[in-house]
1. Looking at the structure I just gave you, is Lys90 among the basic types (Lys, Arg), under 21 Å from Gly10 (Cα atoms) and touching a residue at least 40 places away in the same chain (Cβ under 8 Å)?
2. When you scan region 1-15, how many residues do you find that are surrounded by 14 or more Cβ atoms within 10 Å (Cβ to Cβ) and small (Gly, Ala, Ser)?
3. Looking for something assigned to a strand (DSSP E or B), over 19 Å from Glu6 (Cβ atoms) and modelled with pLDDT of 95 or more - is there at least one such residue anywhere in region 67-90?
4. From the residues in region 73-121 that are farther than 19 Å from Gln44 by Cβ and of a type in the set (Phe, Trp, Tyr), which one is surrounded by the most Cβ atoms within 10 Å (Cβ to Cβ)?
5. Kindly provide the set of residues from region 50-72 that are buried (at least 18 other Cβ atoms within 10 Å of the Cβ) and closer than 21 Å to Ser100 by Cα, ordered by number.
6. Within region 6-45, can you find the residues that are among the charged types (D, E, K, R), within 11 Å of the chain's Cα centre (by Cα) and under 17 Å from Asp89 (Cα atoms)?
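The values are calculated or read from the model by the stated rules, or taken from the named source; none is laboratory data. Owing to the predicted nature of the structure, the values given are computational and were not obtained by experimental measurement. Here the Cβ positions follow ideal geometry from the backbone for every residue, glycine too, while neighbour counts run over all protein chains shown.
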Amino acid sequence: QVQLVESGGGLVQPGGSLRLSCAASGSIFSINYMAWYRQAPGKQRELVAGITSSTITNYADSAKGRFTISRDNAKNTVYLQMNSLKVEDKAGYYCNVRGSDRLLFRPFASWGQGTQVTVAS
């Protein structure tokens, strides 16, 4: 079983910055892909950014140029640096981690509990 703990959300003014963190723990053999999704009230959950084990990244168009995803493999942690935040970035942000477990090398996909980001003046 793999657990994810997220942190770093909060209230920030437009134009401000936040850094989200998500640490994975448990029966982990390898982590292939780590990503951040977000979900605003009344909307579907959408991919914000993802990063592979070889640090290839992908971003939603809305995140390009403002957000940066990174990972620390030694800590099984993924980060999302969010700059130039806009009101429309307000949402619950969820970490998603995919990999193989340590026991039988079975694939897993785990979600964090979510961290709220509010952008308001």
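1. yes
2. Residues flagged as surrounded by 14 or more Cβ atoms within 10 Å (Cβ to Cβ) and small (Gly, Ala, Ser) within region 1-15 amount to 2.
3. no
4. Tyr79
5. Hits for region 50-72 are Gly50, Ile51, Arg71.
6. Hits for region 6-45 are Arg19, Arg38.
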